[in-house]
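Worksheet: one structure, shown below.
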Amino acid sequence: MPPLLVGRDGIIDDFVEGLDDGPGAPGRLMCVTGARGVGKTVMLTEFGRIARERKWEVIDETASDGLAKRLLERFVPNKPSVNLSVKPSLSVAGLGGLSLGEASVSSQRMPLTLREAMGRRLDVLERRRAGLLITVDEAQSTARGDMVAIATAVQHLTREERNIAFVFAGLPIIVSKWLNDDVLTFLRRAQSERLGDIPLAEVRGAFIDTFEESGIAIGGDALRMAVDATEGYPFMIQLVGYHVWRIAYRRQRDGAAAGKGMSVSEDDASEGVANALSRLGDTVHGPELDGLSPVDKTYLLAMAQDDGPSSTSTIAERMGKDVGYANIYRTRLIDAQVIRDVGYGKVDFAIPYLRRYLREHAAYIRMSAHDGRPGRG
């Protein structure tokens with residue numbers, strides 16, 4: 001968790017107002033989207049911190065198989081687990097009198113049962129003037145049955161004006177996957193927050209404040225190098241800030257112990273940026289490519305041959321395909337926020353330094369695109 005959140009005041013204010021304004025407030029049902037590394041998980045963590053300050057109970061989950069079942073078990077403690085999968089959903093009949101070991105399966109019962117379990121927890125919390133916040137990260141990976149169960153339960157509790165909030169976050173694909181699902185129309189009411197890059201002026205101020213609070217001064221060319229290297233990309237802000245700080249501190253910590261002031265040199269900034277770029281490739285670029293199809297990767301490799309925005313017709317020519325075929329993958333990559341439309345038949349990379357990573361690992365990525373192996377070098 002970064003020590004200072006930059007450029008997110010608006011979304012934080014909306015959430016705080018949602019909790020304070022009471023049941024049904026818009027900020028209590030929120031969908032946070034964005035590309036990898038823009039700070040979705042950080043936002044969920046911050047929301048949890050804010051809710052806990054208000055004595056709310058917070059349940060943080062990451063989407064995977066059995067999500068609704070795990071939530072149900074959180075609300076019914078000290079019960080034996082059910083060895084059943086949610087396909088599409090799970091019901092625990094007679095929740096008050098039977099153990100989970102005596103559960104029955106019914107595709108229609110899970111939403112009602114989860115609603116009942118959440119309602120009983122809220123009975124306790126509301127007597128203390130508190131509420132319940134549920135956050136789900138990587139929501140694009142949620143099984144449909146699980147999302148139906150959770151959304152239905154939250155919808156009914158919201159209609160009953162219970163003290164509940166639900167925030168789900170993920171890649172932009174969740175907009176088409178969940179918000180356009182006819183069974184999940186309730187989720188269309190979610191306040192949509194699409195996270196993007198941070199203005200460099202705000203990055204500059206954040207670096208100055210954070211470094212100075214830790215006893216290290218940063219300014220001049222060292223500051224400029226660090227700020228410019230982030231390109232406003234939230235995860236890169238964290239990486240650059242951390243690595244530059246660590247290198248400067250290690251170089252001067254003995255002097256600091258003797259009472260001497262510390263500052264960031266240009267060499268510190270240069271080395272820190274290099275370390276941050278290496279880490280960015282391992283944690284963002286590699287995983288992003290691993291989740292793409294072979295043709296997606298081929299499209300990106302064709303783009304990476306240009307130093308700036310690429311012509312969609314040129315990309316198709318390099319792929320050996322017609323423009324209509326290539327545009328299928330253009331649309332997919334734009335929806336995933338890997339690339340962006342920059343107008344006039346051109347596209348560019350949406351993730352900083354992805355072009356550089358593709359060039360450095362082109363041979364291995366090209367090979368993986370042909371034989372299905374992971375795309376990381």
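The values are calculated or read from the model by the stated rules, or taken from the named source; none is laboratory data. All of these numbers come straight from a predicted model, not from anything done at the bench. As a convention, Cβ positions derive from the backbone with ideal geometry for all residues, glycine included, and neighbour counts pool all protein chains shown. For the accessible areas, the whole protein counts, side chains as well, though only heavy atoms, and no ligand, DNA or RNA atoms are used. Shrake-Rupley method; radii C 1.70, N 1.55, O 1.52, S 1.80 Å.
A search for C-beta distances below 7 Å between a residue of segment 32-50 that is aromatic (Phe, Trp, Tyr) and at pLDDT 90 or above and any residue that is assigned to a helix (DSSP H, G or I) and buried (at least 20 other Cβ atoms within 10 Å of the Cβ), counting only pairs 6+ apart in sequence or on different chains, returns Phe47/Phe15.
Scanning segment 150-165 for residues that are of a type in the set (S, T, N, Q) and farther than 11 Å from Leu114 by Cα yields Gln155, Thr158, Asn163.
Where residues in segment 168-186 are in contact with an Asp or Glu (Cβ under 8 Å, 6 or more places away or on another chain) and assigned to a helix (DSSP H, G or I), which of them is farthest from Tyr249 (Cα to Cα)? The selected residue is Ser176. Scanning segment 290-313 for residues that are surrounded by 17 or more Cβ atoms within 10 Å (Cβ to Cβ) and among the β-branched types (Val, Ile, Thr) turns up Thr298, Thr312. Is at least one residue of segment 28-41 open to solvent by 50 Å² or more (accessible area, probe 1.4 Å) and farther than 23 Å from Gly205 by Cβ? Yes, segment 28-41 has at least one match. I'd like to know if segment 361-376 contains one or more residues that are touching a residue at least 24 places away in the same chain (Cβ under 8 Å), loosely packed, with under 14 Cβ neighbours inside 10 Å and in a helix (DSSP H, G or I). Scanning segment 361-376 turns up at least one residue that is touching a residue at least 24 places away in the same chain (Cβ under 8 Å), loosely packed, with under 14 Cβ neighbours inside 10 Å and in a helix (DSSP H, G or I). Would you confirm whether or not segment 274-289 contains a residue that is closer than 27 Å to Leu223 by Cβ, open to solvent by less than 50 Å² (accessible area, probe 1.4 Å) and touching a Gly at 6+ places or on another chain (Cβ under 7 Å)? Yes - at least one qualifying residue is present in segment 274-289. Kindly provide the set of residues from segment 308-329 that are within 21 Å of Leu289 (Cα to Cα) and in a helix (DSSP H, G or I), ordered by number. Hits for segment 308-329 are Thr312, Ile315, Ala316, Arg318, Met319, Tyr325, Ala326, Asn327, Ile328, Tyr329. Taking the conditions (1) modelled with pLDDT under 95; (2) open to solvent by less than 50 Å² (accessible area, probe 1.4 Å) in turn, Ser263 satisfies each one other than (2).
I'd like to check something: does segment 62-73 contain any residue that is at pLDDT 60 or above, in contact with a Lys or Arg (Cβ under 8 Å, 6 or more places away or on another chain) and surrounded by fewer than 18 Cβ atoms within 10 Å (Cβ to Cβ)? If you could, list the steps in order and put the result at the bottom.
Taking segment 62-73 as the starting set, the residues that turn out to be at pLDDT 60 or above are 62-73.
Among the residues that remain, those that are also in contact with a Lys or Arg (Cβ under 8 Å, 6 or more places away or on another chain) are: 73.
Filter once more, so that each one left must be surrounded by fewer than 18 Cβ atoms within 10 Å (Cβ to Cβ): 73.
Scanning segment 62-73, I find at least one residue that is at pLDDT 60 or above, in contact with a Lys or Arg (Cβ under 8 Å, 6 or more places away or on another chain) and surrounded by fewer than 18 Cβ atoms within 10 Å (Cβ to Cβ), so the answer is yes.
Filtering segment 40-70 to residues that are among the basic types (Lys, Arg) and part of a helix (DSSP H, G or I) leaves Lys40, Arg49, Arg52, Lys69, Arg70. Scanning segment 334-343 for residues that are touching a residue at least 40 places away in the same chain (Cβ under 8 Å) and part of a helix (DSSP H, G or I) yields a single hit, Asp335. Cβ-Cβ distances below 8 Å connect the following pairs, each with a first residue in segment 211-240 that is of a type in the set (Asp, Glu), a second residue that is open to solvent by 20 Å² or more (accessible area, probe 1.4 Å), and a separation of six or more residues or different chains: Glu213/Pro3; Asp221/Glu266; Asp228/Leu200; Glu231/Asp197; Glu231/Tyr353. Taking (1) out of contact with any Asp or Glu (no Cβ under 7 Å at 6 or more places or on another chain); (2) under 26 Å from Thr185 (Cα atoms); (3) assigned to a loop (DSSP other than H, G, I, E, B) in turn, Gly37 satisfies each apart from (2).
Tallying residues that are assigned to a helix (DSSP H, G or I) and either out of contact with any helix residue (DSSP H, G or I) (no Cβ under 7 Å at 6 or more places or on another chain) or closer than 16 Å to Asp137 by Cβ (or both) within segment 155-167 yields 2. Counting the residues of segment 156-190 that are open to solvent by 10 Å² or more (accessible area, probe 1.4 Å) and farther than 26 Å from Asp123 by Cα gives 13.
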